[in-house]
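Notes for the one structure printed next.
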Amino acid sequence: MKTFKNFIGGEWVPPISGEYFENRNPADLNDAIGRFPLSGAADVEMAVASAQRGFDLWRKTPAPVRGEVMRRIGDLMTQRKDDIADLMTREMGKPLAETRGDVQEGIDTAYYAASEGRRLFGKTVPSELRNKWAMSFRRPIGVCGIITPFNFPMAIPTWKMFPALLCGNACIFKPAEDVPHTGAVLVEIMLEAGLPPEVIQLVHGLGESVGAAIVNHPLIPVISFTGSTDTGRIVGEVCGRMHKRLSLEMGGKNAMIVFDDANLDLALDGVLWGAFGTTGQRCTATSRLLLQDGIHDQFLTRLVDRARSLRLGDGRKEGTDVGPMINEAALEKVERYIDVGQGEGADLLCGGRRAAIKGLEAGLFFEPTVFARVRAGMRVEQEEIFGPVLSAIRFRTADEAFAINNDVRYGLSSSVYTRDVNVAMRALNELDNGITYINAPTIGAEAHLPFGGVKQTGNGHREGGWEVYEFYSETKVGYLDFSNALQRAQIDTYLGTPD
Ligand code: UN1
């Protein structure tokens, strides 16, 4: 089995502990991918010292030059897209079409960052005083701690690191322990593209050791974390206490609302993709399906039919619709929620158990599951399950549907299927989510738009698009007074001051 290393101090090095963890293919646990470093606080300490040197060099590199490196990263990812997708599917399971999309999201993010190198706009505004200019511009902040989940092993690290780097920061990257191979390949590409070595540090390991060491380190002023709301709360407490800049991207309980007048074929395709794509392991997954009275029964019948015919299996095999769950703990969590739902009186229409796939007996498969007769307030309606479990709820009016959508602690995305433009516009206005899709499922965010949610999904920041560049830079304001006189703001500015 191949042994992988950390990238710290400009070289590939073993962990100080000398200990490793194994990474296995969730579609077939007999398939071992490699041993990865079980690092700790001492490795992070070395990474910080090196990243500070990297930061010193990189922040003085002109932004358009930094952008050139991003462009080359995008080019390399484009050339190797299929190979990268293959290794991603091997380590986290989702079908190749999805991992190719994941790589593409990284490529899009790279090219967006490349172009931002020639933008990074500041503002020049009139001063209230004569012969004085006022302007704002952006400065990098320092070493950024990047902690990422398993479900988008390429897209999410790039969403965070490319803008951070374009702004002139250095990064310490801890990929989820379920997807360390993708993390290693991404760092290799960044180095090959010409990123100065000490600007990026890769430290493998567990959240409670490496992640905690990064979050608690006083010389890492910026933390970006995507993961569970529970872990995010701990990260937030530490960062609040230490006055760190923090971007949190956490849970979701996203609803699709289908009205009687909707194109039902379209809504059916949408919900299957939204609920069971990535085996439901997306923070944007459709986990609640709100169906209006008039179409409720017929839509559910068709949905169950289609859900049962989804092909589970190895994501690297042609024709697979749904891959495995990421690990045993994730599977067990889903199983617990099946019991919870049944205990609450929901109707299990299909799925609800592990799936045995011929030839993949050692795979972590779970059948696409639909619960019906779910009522607002039930735990399966309120809590993030992060698996292929969809809860269907009946509603009568738009007001009722919007209230159900909003009555959860999360607020990432929502989706509305209707042909009524007034209802669609009302949904955009009234649904408490960071993203609302009209006639499209709850997933499908594009790299050049802000991504994030309200309430306990996040803490007000956005990834992607133009807004993330504000997170990774500090605004600096310059006042230039060329009047040759002491001009006092707010005092010498009244109208009619003689020259
Ligand atoms: C996530 O679910 O963690 O919109 C990120 C989407 C993807 C990104 C999802 N482009 O579903």
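Values in this text are rule-based calculations from the coordinates and carry no lab data. Predicted model only: the values in this text are computed from it and were never measured. As a convention, Cβ positions derive from the backbone with ideal geometry for all residues, glycine included, and neighbour counts pool all protein chains shown.
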- Message: So if the hydrodynamic radius of segment 188-338 is defined as the Kirkwood radius over C-alpha pairs, what does Stokes-Einstein give as its diffusion coefficient at 10 °C and 1.306 mPa s, in µm² per second?
- Response: 83
- Query: Once the Cα atoms of helix 63-79 and of the chain are each reduced to a long axis, what angle between those two axes, in degrees from 0 to 90 to the nearest 10, is obtained?
  - Reply: 30
- Could you check the simple spin-label distance between Gln298 and Glu400, using points 7 Å along Cα→Cβ, in nm with one decimal? 1.9
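Calculated from DSSP H runs of 4 or more alone, at -39500 (n - 2.57) each and per residue, what is the 222 nm mean residue ellipticity of the chain, nearest 500?
Computed ellipticity for the chain at 222 nm equals -11500 deg cm²/dmol.
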- Compute the acute angle (0 to 90°) between the alpha-carbon long axis of helix 180-192 and the principal axis of greatest extent of the alpha-carbon atoms of the chain; round to the nearest 10°. 30
- Item | Whole-number D in µm²/s for segment 182-275 (Stokes-Einstein; Kirkwood sum over Cα pairs; 4 °C, 1.567 mPa s) | 77
- FRET efficiency for Arg419 and Ile491, using Cβ-Cβ distance with R0 set to 60 Å, rounded to 0.05: 0.50
- Query: What is the local net charge at Leu486, summed over the other residues whose Cβ is closer than 14 Å to its Cβ (Lys, Arg +1; Asp, Glu -1)?
  - Reply: +1
- Task: Express the Stokes-Einstein translational diffusion coefficient of segment 1-106 in µm² s⁻¹, to the nearest whole number, given a Kirkwood radius over alpha-carbon pairs, 4 °C and a viscosity of 1.567 mPa s.
- Result: 79
- Item | Antiparallel content of DSSP bridges confined to the chain, in %, to 5 | 45
- Query: Roughly what % of DSSP beta bridges within segment 254-438 run antiparallel, to the nearest 5?
  - Reply: 15
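Could I get the Rg over Rh figure for segment 254-333? Both from C-alpha atoms, Rh via Kirkwood, rounded to two places.
Result for segment 254-333 is an Rg/Rh of 1.01.
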- Extension gain, Val340 back to Asp432 (0.36 nm per residue minus Cα-Cα distance, nm): 30.5 nm
- Note on the structure: the chain: spread of alpha-carbon positions along the three principal axes, whole Å, largest first, is 80, 63, 41
- Message: Multiplying the sequence separation of Glu237 and Glu318 by 0.36 nm and subtracting their Cα-Cα distance, what value in nm do you get?
- Response: 24.7 nm
- Under 1.5 on a/c is rounded, so check that first for segment 137-221, then, if it is not, pick prolate when a/b is larger than b/c and oblate when it is not; a ≥ b ≥ c are the square roots of the alpha carbon gyration tensor eigenvalues. oblate
- Item | Hits among lysines - C-alpha to C-alpha of Lys317 under 25 Å, sequence gap 8 or more where chains match | Lys2, Lys81, Lys94, Lys358
- Query: Angle between the Cα long axis of helix 41-58 and the longest principal axis of the chain, 0 to 90 degrees, nearest 10?
  - Reply: 50
- Between segment 116-174 and segment 215-231, what's the alpha-carbon centroid distance in Å? 17
- Ordered by number, the chymotrypsin sites (Phe, Trp or Tyr not before Pro) in segment 399-495 that occupy a DSSP loop and have at most 16 other Cβ atoms within 10 Å are Trp466, Phe482, Tyr494
- For every other residue with a beta carbon closer than 15 angstrom to the beta carbon of Glu128, add +1 if it is Lys or Arg and -1 if Asp or Glu, then tell me the sum. +1
- Query: Suppose every K and R has +1 on its Cβ and every D and E has -1 on its Cβ; what is the size of the dipole of the chain about the Cα centre, in Debye to the nearest 20?
  - Reply: 980
- Note on the structure: Quick note, segment 254-438: a/c under 1.5 would make it rounded; otherwise a/b > b/c is prolate and the rest oblate (a ≥ b ≥ c, C-alpha gyration tensor); here it is prolate
- What order do you get for Trp133, Trp159 when you list them from fewest to most C-beta neighbours inside 10 Å? Trp133, Trp159
- Computed from the mean reciprocal separation of all distinct C-alpha pairs, what Kirkwood hydrodynamic radius does segment 175-222 have, in Å? 11.9
